[in-house]
Amino acid sequence: MKIYNTLTKRKEEFVPLQEGKVKMYVCGPTVYNLIHIGNARPMIVFDTARRYMEHKGYEVNFVSNFTDVDDKIIKKAMEEGVDASVISERYIAECKKDMQVMNVKPATTHPKATEEIDGMLDMINTLIEKGYAYTAEDGTVYYRTRSFKGYGKLSHKNLDDLQGGNRSLLVTGEDQKEDPLDFVLWKPKKEGEPYWESPWCKGRPGWHIECSVMSKKYLGDEIDIHAGGEDLIFPHHENEIAQSEAANGKVFAKYWMHNGFLTIDSQKMSKSLNNFFTVREIAEKYDLQVLRFFMLSAHYRSPLNFSEDLMEASKNGLDRILTAIERLGELEAKKGENAQTGEGTMKNEEAQAIKALQELTAKFEAAMEDDFNTADAVAALFEMVKLANISAKEESSALFVHTLKEEICRLCDVMG
Ligand code: AMP
Ligand code: ZN
């Protein structure tokens, strides 16, 4: 199985740290609102990657967090006059409902940042002790970016270029930093904000340290795959690497996977641009299986432009597969018990068709082996459906109908 690794910018053969096991961390949403379909893209595509690896026999430990402390959550809580936890708990529950309807499997663990503060204090402490972090006068703890030799290796950025681009930060009140490139690990609370005690000040963690700590706690110092949307490459994932590798002294993640953007009129769908549809809005018009099918109709690294036309095409495509399965089910029912148990014998031309079916399974698997090319995998499924529509008839043997149906369903399950 080959995976495109953002770190090396190449497709690489996947070799797990431990045979038969995969440790995978996917950055989850910040929970201050209903999720939009852009947020749904990483959920769906990495769930499909997980399902495929499970289909291959890997035991996948899949961790995906909820960022439940953040400026936007606090702002919303203030607007509603409630505690920040009321907002985050509400939208975690809503997000889980959406995930369920999109048939995204629950993660092995869904940690919440606010429940992992002790681990963050520990890691920040280690970074200070090792000289990778320092405390400013007001109690803010910063990461000393230039002290980490590998900084920039994921985003393929050069520190001096970054320095130029970041110069403006000096005039935004961050002049207590030793260097404009330094980023926050812990920050002092402001009036009315949630906070935790720490050796440096009453405050809260920076966003990046949260994922380093949750990944370490639930998966260990070294993991196989770390994933998220491509907007997370820099600075979020770059900073996670700097924190984790400096604190733990180990390579953090072997493979870095990033999904492309879901766009609308070729612009990234996002809350801030106000060009989004929530998953709920889409659910009013479509079965969310259609949304999932739409997401998988493109390669996960390509941009995918959302449009009514493409959703309609996805609806039709999915219907074609479901109708074929339904018809096979009806034929099977007519054949009684033999078909349900898959007993009996096949005719010669049926055995030929099954051979063609097996070749299509191989095509499906080859596509998924090639960096989870779901677009090609779906194309193989369509060919199977065509084969089933042509070759399964009233007079077909029970075993033949059963085999066709089981195989198509098995691969549909891999796609969720
Ligand atoms: P956020 O809540 O903004 O941290 O986003 C949660 C996840 O959704 C991250 O992995 C983002 O990269 C991803 N994401 C946000 N917007 C989009 C989009 N328009 N297309 C694809 N992924 C996105
Ligand atoms: Zn993260």
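As a test of understanding, state the convex hull volume per residue of region 314-416 from its alpha carbons, in Å³.
Numbers: hull volume 9.1 nm³, N = 103.
So the per-residue Cα hull volume is 89 Å³.
Report the charge-dipole magnitude of region 1-133 in Debye, nearest 20, computed about the Cα centre from +1 at each Lys and Arg Cβ and -1 at each Asp and Glu Cβ. It would help to have the intermediate numbers written out before the result.
Details: 19 positive and 20 negative charges, 170 e Å.
I would put it at about 820 debye.
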Report the label-to-label distance for Glu89 and Asp370 in nanometres (one decimal), using points 7 Å from each Cα along the Cα→Cβ vector. 4.9
For region 43-49, Karplus couplings with θ = phi - 60° (6.51, -1.76, 1.60), whole Hz, Gly/Pro x: 4, 6, 5, 7, 5, 5, 4
For the chain, what's the radius of gyration and Dmax over Cα atoms, in angstrom? 24.5, 83
Given backbone amide H placed at 1.01 Å from N, residues whose amide H is under 5 Å from that of Tyr25, ignoring those fewer than 5 places away on the same chain, are Val63, Ile225, His226, Ala227
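Based on the Cβ-Cβ distance of Asp175 and Ala356, what FRET efficiency does E = 1/(1 + (r/R0)^6) give at R0 = 56 Å, to the nearest 0.05? Walk me through the numbers on the way to the answer.
On the way: r = 69 Å, r/R0 = 1.24.
It comes to 0.20.
Where both residues lie in region 1-126, what percent of DSSP beta bridges are antiparallel, nearest 5?
On the way: 5 of 14 bridges.
If I count the DSSP bridges inside region 1-126, around 35 percent turn out antiparallel.
Over region 238-341, what is the mean sequence separation of C-alpha contacts under 8 Å (at least six apart), divided by residue count, expressed as relative contact order in percent?
Numbers: 62 pairs, mean separation 24.8, N = 104.
Computed over region 238-341, the figure is 24 percent.
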Only Cα pairs within less than 10 Å get springs; with that Gaussian network setup on the chain, which residue of Glu245, Glu54, Glu394 has the largest fluctuation? Glu394
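Using 0.36 nm per residue of separation minus the Cα-Cα distance, give me the extension gain between Asn158 and Asp309 in nm, one decimal.
Details: separation 151, 0.36 × 151 = 54.36 nm, distance 4.16 nm.
Full extension from Asn158 to Asp309 adds 50.2 nm.
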Under 5 Å, built H, 5+ apart or other chain: amide partners of Val60: Val22
Sequence-distant residues sharing a close amide H with Ala133 (under 5 Å, placed H): Ile128, Arg144
Here, GluC sites (Glu not before Pro) of region 97-146 satisfying both criteria (DSSP loop; at most 11 other Cβ within 10 Å) are Glu137
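Given a 1.4 angstrom probe, what's the average accessible area per residue across the chain, in square angstrom?
On the way: 18560 Å² over 416 residues.
That works out to 45 Å² for each residue.
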Cut-off 10 angstrom, C-alpha nodes, Gaussian network model of the chain. Which of Glu191, Glu94, Glu326 fluctuates the most? Glu191
Please give the helix 117-129 orientation as an angle from the longest Cα principal axis of the chain, in degrees from 0 to 90, rounded to the nearest 10. 60
Could you sort Trp200, Trp186 by accessible area so the largest value comes first, with the probe set to 1.4 Å? Trp200, Trp186
Taking Cα atoms only, helix 238-248 is inclined relative to the longest principal axis of the chain by an angle, in degrees rounded to 10, of 80
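Given a 1.4 angstrom probe, I'd like the percentage of the accessible area of the chain that is carbon and sulfur, rounded to a whole number.
Working: 9070 of 18560 Å².
It is 49 percent, rounded to a whole number.
The values are calculated or read from the model by the stated rules, or taken from the named source; none is laboratory data. Because the structure is a prediction, the values reported are computed rather than measured. Reconstructed Cβ throughout: ideal geometry from the backbone, glycine too, with neighbour counts over all protein chains shown. Keep in mind that these areas ignore ligands, DNA and RNA; they rest on the heavy atoms of the full protein, side chains included. Shrake-Rupley method; radii C 1.70, N 1.55, O 1.52, S 1.80 Å.
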